[in-house]
1. Just the number, please: Stokes-Einstein D of the chain in µm²/s, Kirkwood Rh from C-alpha pairs, 25 °C, 0.890 mPa s.
2. Place a point 7 Å from the Cα of residue 224 along the Cα-to-Cβ direction; which residues of region 30-45 have their backbone N under 13 Å from it?
3. Hey, what's the Cα Rg ratio for region 194-318 versus the globular rule of thumb, 2.2 N^0.38 Å?
4. For region 150-259, evaluate the Debye formula with one uniform point scatterer on each Cα (no solvent term) and list log10 I(q)/I(0) at q = 0.13, 0.17, 0.23, 0.24 Å⁻¹, rounded to two decimals.
5. Using all alpha carbons of region 644-691, what is the percent of pairwise distances in each 5 Å bin, ordered from the shortest bin to the longest?
6. Evaluate 2.2 N^0.38 Å with N set to the residue count of region 322-380, then give the Cα radius of gyration divided by it.
7. Rule-of-thumb check for region 102-212: C-alpha Rg over 2.2 N^0.38 Å?
8. So which cysteines of the chain have no other cysteine's Cβ under 4.7 Å from theirs?
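What follows draws every value from the coordinates through simple rules; no lab data is involved. Note that this is a predicted model, so its numbers are computed, not measured. Methodologically, a virtual Cβ is constructed for each residue, glycine included, from the backbone with ideal geometry; neighbour enumeration extends over all protein chains shown.
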Amino acid sequence: MTKTEAEKRIEKLKKLINHYRYLYHVKDSQEFSPEALDSLKKELFDLEQTFPDLVTPDSPTQRVGGQPLSKFSKARHMKPMLSFNDAFSEQDVKDWLERNIKLLSQPEKENIHFYCEPKLDGLAIELVYSLGKQGGILLKTGSTRGDGLIGEDVTQNLKTIDSIPLRLRQTSDIIKDLEKEKLFAVADNIKNKGLDNLVVRGEAIIAQKEFLKINKEQEKRSLAPYANPRNLAAGSVRQLDPKIAASRNLEADIYDLVTDLGQKTHEQEHKILKALGFKSNNKYNKFCKDIKEVFAFRDFWLKKRQTLPYEIDGIVVVINNNEIFNKLGVVGKAPRGAIAFKFPLKQATTIVEDIKLQVGRTGAITPVAVLKPVKLAGVVISRATLHNQDEIERLGLKIKDTVIVGRAGDVIPDIIKVLPELRTGQEKEFIWPKTCPSCGANLLRLDREVVLRCSNKDCFARTKNSFYHFVSKGAFNIEGLGPKIIDRLLAENLIKDPSDLFLLEPGDLVVLERFAEKSANNLISALRDKKKISFSRFIFSLGIRNVGEVASQDLAFHFKNLDNLKQATLEDFQAIKNIGPIAAQAIADFFKNKKNLEFLDNLIKAGVKIENQQQSQQLAGLKFVITGSLKTITRDQAKEKIFSLGGLVSEAVSLKTDFVIIGLNPGSKFEKAKKLKVKTISEADFLKIVS
Ligand code: IVH
């Protein structure tokens, strides 16, 4: 990017970020996800790092929070309440450390250690305590961050939070605890100067359990649910009626001792805060002697975040030594000595470089966005599905637009929103062709369908994709037969329909360029081994429109064998519980088509043996989801077992799921199961059930 381009982009990013920050922080609006905002801020931060003279004082990287709401009286902070810069990768953290090291002397460099904490996702608060008229150190003011200098006075609401002491412990008890921790200098300081005007900071949060409970109540009252615990915590603290805050079981974790009591490190601050009587999350925190330990700490919490009672969105890394931390000072809105190392974003912003059309095995044309590569939930993605023509119109998407991408159902990247505010005028409308991009035949839009389809049944792209599907994991599962080999076999006219695969001989393959004898033999024996197949997989392999794995299981269970299935009528299909009208029609059409019946005969002639559906109904109708890795059997074996007993397996957890099998290192499905209160079972439980 040239400097002029960067300058224009920076200008637009600043405007957009400011606007949405205002909506998010000041209005508690849920229109824009904090993750997308983080992604935009990171782009701005990186551009400003490359062109430092383009940093202006009004840049969002240079300021904090939002303006205070006018409905509250204002509370001025004694010291600015800062925010942190974000890191999203180990490299970002290494760069941060590198920048800091340059500013330090040799002895200081050797004395850099870190204190790391789970980063709480709530509302930052400040508490001020002062000497009461009748003695005792009492809570005087509680406030939000606001613009960093002036916040909102939310004392009455914060006073409803049980974990916030309204009065500090007896000074003598505090001193005793500090001495136990060998913090003698701090103890002496308190003895001499007292604790008047003590300032601490932390986070008002709401436990996950409480969040779910409140959302359930919202639902009962037909009110909109809260988007996330942060939003709920913020909404509860930043409203005028303390009764509402009181009813919400908020908590406050305190992590920053602002007043100088002689603390030498951030680690000591947590010990002092505890002695003073605050709830500190220090049992989860860790002193890390080097960056390697920081990365291990982050990896640990990335895996274990769901074991905490509240949500975290990353870790905070603080240079532990306060003298060094203070010497490093502040740049823009953030202290140089700390960084927020965020967990992988489930939403991010990027640019749509192009829109391409894919022709599926059923002829469906799917537009796909070609993205500037971006990291999403820890994986670099460069494609996102656009589903169909209507979706492009609904989004108002043009080529070269900046967009927010996310993962629909945690799997397929999806475009959530276009950011027209960032347009330069160079964006181009996507023009739909009238003909198939693969074979040139006309595109059709069938009745009641939103998708366009290629009208040519022999379209090469369709053929190719039906082969890919036929050998895929849920179908014949033929290892070593990827798209490249299929393309070559098709190009050489060695295969016309998938039954030809089983007639191949090693000699057919070795004549192909770069196919060694050994790999040819391996592939042929893989094909031979897979000729025996369960009935449900067989149905799935046929690639009938709208018949996925679950519908295939239903059909296999219902019809037991191929002859029954072939003789069934449209009404028979319509009567099956999980088969919709479009799928029923597609199945009926499939088995009426002469060419397809020939194909089925060819498969049997080529030696395919279908194992008829077992009669056992032990798991009839039960829906399973598997997450994490299993120890004693493979995932496929577990699936097969479930199918054979009449059960169903799906990818996503929903209220319809009966059991979630939890393997090693379970993923987000485990969290979802807990959220929805779906029964979870271990691998051992599962084996007991099916044995
Ligand atoms: S440490 C000198 N610890 O995240 C460092 N901050 O995005 C004192 N935050 O401004 C603060 N969890 O408001 C610290 N465990 C934690 C935190 C935490 C959340 C907040 C804090 C900060 C913001 C940065």
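1. Taking Rh from Cα pairs, D becomes 83 µm²/s.
2. 30-33
3. Values: Rg = 17.2 Å, N = 125, 2.2 N^0.38 = 13.8 Å.
After normalising by residue count via 2.2 N^0.38 Å, the value is 1.25.
4. Normalising to I(0) and taking log10 leaves -0.62, -0.87, -1.26, -1.33.
5. 5, 20, 31, 27, 15, 3
6. 2.01
7. 1.35
8. Within the chain, the cysteines lacking a partner Cβ under 4.7 Å are 116, 288.
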